[in-house]
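Here the structure is laid out as structure tokens; the discussion comes afterwards.
The values are calculated or read from the model by the stated rules, or taken from the named source; none is laboratory data. Model, not experiment: these values are computed from the prediction. Cβ coordinates were reconstructed from backbone atoms using ideal geometry, including for glycine residues, and neighbour counts include every protein chain displayed.
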Amino acid sequence: MSHPTLLEQLQQDGDFLKLTLSNPNALEPFNFSLPDDTIVCIWDTGVICFEPKQLTHQDIVLSCGVHGNETAPIEICADIVQQVLTGQITLKHRLLVLFGNPPAINASKREIEENLNRLFSGQHNDTAVTPSAERERAKKLEGYVGQFYSSSRVTDLVPRNRCLYDLHTAIRGSRFEKFAVYPFLHEKPWRKAQFEFLQACDVTTVLLMQTPATTFSYFASNTHGADAFTIELGKVKPFGQNDMTRFTKVCTALRQLISHDTVQTVAFDEHQFQLYQVYRAINKQTEAFKLHFADDVENFTSYPVGTLLASDGELEYRVEQPGEALIFPNAKVAKGQRAMLMVVPTTVAGNVV
Ligand SMILES: [Zn+2]
């Protein structure tokens, strides 16, 4: 026991978020067991792994705070960890919970130096760029996810079910309050069971990606074959100002996921979902880049074909497709980066199992 006082404190109040935020840059690893023999391993600040005595074939990763000011998911994950540590939830499956960017959480900022959720799948190694705290953290988080998925004590030949749900809140309001990004599967079919789980989480708007990305969820999906999603749960609010009643369904579904064999879901019916795919990304090319709609426009807003959306010096971007909708507009990004994503309605078109 390298940290008797930290350990005692954690066993007493189960407040791993507090422990993380008071040691935002690093935490010496330490282990202990819960009364039901679940092994708890603290691997680093914001990184806590649980292994129940009886093992199943399910490995679950929940992450939050990849953007430091997205507080609702941080509160949701902190509560779950606390309930496991204090015995209010009995885990059924192995669970890794990650608080992505503790220094940014402390600063109530999306990021300290750069966007952590653009640095995965090795993007953190780009030697042409100055190292940043986020690059270091992305590399470590990749390592912890790999360590978790590869370190189960079960060694039979049954394939393991891996999942990773990376929880976020958006900067702006959304026509559909909650939505998920389903990473590009390289032509493999989308999974009905995952749509069903998302619906149980109150998420029925899903953006089906058609290209690789440098997000945490694409990394888990592509590198580790996990069912992985970026899940946007609503609009960013400061700590304590989130209306937690808006998250009842997702909290219930996550608790069921970690503590039961199955989650209560209804059979997948595409018509109960709003499915979108990316039509184009609009990148900021000059400092003259300007959005031509109000600052508070909601994600998934659409305008008639021909409407001017943005200008960039001489360049003009107008709505090209019926139903084309905008998401994640942000004129303040660095030159060369994505300022807005345009999406269009789509279907799973039978490519679902
Ligand atoms: Zn985010």
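Numbers below:
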item	result
Any hit, the stretch 301-312, residues being within 16 Å of Ser174 (Cα to Cα), in contact with a strand residue (DSSP E or B) (Cβ under 8 Å, 6 or more places away or on another chain), touching a residue at least 60 places away in the same chain (Cβ under 8 Å) and outside the structural domain of Tyr182 (by TED's automatic domain parsing)	yes
All positions within the stretch 162-185 that are part of a loop (DSSP other than H, G, I, E, B) and among the acidic types (Asp, Glu)	Glu177
Residue that is nearest to the ligand (Cβ to nearest atom) [pool: residues in the stretch 137-173 that are in contact with an Asp or Glu (Cβ under 7 Å, 6 or more places away or on another chain) and within 30 Å of Leu326 (Cα to Cα)]	His168
Hey, Gln88 away from the ligand (no atom under 16 Å from the Cβ) and touching a residue at least 60 places away in the same chain (Cβ under 8 Å) or not	no
Residue among Gly100, Gly46 that is surrounded by 14 or more Cβ atoms within 10 Å (Cβ to Cβ), more than 15 Å from the ligand (Cβ to nearest atom) and within 29 Å of Ala180 (Cα to Cα)	Gly46
Criterion: touching a Ser or Thr at 6+ places or on another chain (Cβ under 6 Å) and either closer than 29 Å to Thr90 by Cα or more than 16 Å from the ligand (Cβ to nearest atom) (or both) - qualifying residue of Gly240, Gly234	Gly234
Selection count where residues are assigned to a loop (DSSP other than H, G, I, E, B) and either more than 23 Å from the chain's Cα centre (by Cα) or at pLDDT below 95 (or both), scope the stretch 308-346	18
Any hit, the stretch 182-201, residues being modelled with pLDDT of 95 or more and under 12 Å from the mean Cα position of the chain (by Cα)	yes
Counted residues, the stretch 117-136 - those being in a loop (DSSP other than H, G, I, E, B) and within 16 Å of the ligand (Cβ to nearest atom)	2
Complete set of residues in the stretch 137-161 that are touching a residue at least 12 places away in the same chain (Cβ under 8 Å) and either assigned to a helix (DSSP H, G or I) or under 17 Å from Ser121 (Cα atoms) (or both)	Arg137, Ala138, Lys139, Lys140, Leu141, Glu142, Tyr144, Val145, Gly146, Gln147, Phe148, Tyr149
Test: residue in the stretch 83-94 that is of a type outside the set (Gly, Ala, Ser), assigned by TED's automatic domain parsing to the domain that holds Gly240 and assigned to a strand (DSSP E or B)	yes
